[in-house]
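Have a look at the structure below before the remarks.
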Amino acid sequence: MAAGPDTTGSRRATTGDGRVEIALSPPSDERTAVLRTTKGTLAGPDYVVLITAAGAASPLPRPGASRREAAG
């Protein structure tokens, strides 16, 4: 995302057509995401990813709010 983080480390941006908003926020436990492939391993900060229709309710959860995560 080209958008820089705010004071909480969260980032948000919209798609080129302005219809979808994507928000990233760091998890409360500072986890690391690890992607393993046959070509190697990539590790970096984990983020909670929220995708919503632009103009909908704020996509970033309130601090301490319950979060639901999907594993893929």
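A Förster distance of 25 Å, applied to the separation of the beta-carbon atoms of Thr32 and Ala54, puts the FRET efficiency at 0.25.
Here the peptides 44-51, 19-26 are ranked by packing, the mean other Cβ count within 10 Å, and the order with the highest first is 19-26, 44-51.
No value in this document is a laboratory result; all are computed from the given coordinates. Keep in mind that this is a model prediction, so the values were computed, not measured. As a convention, Cβ positions derive from the backbone with ideal geometry for all residues, glycine included, and neighbour counts pool all protein chains shown.
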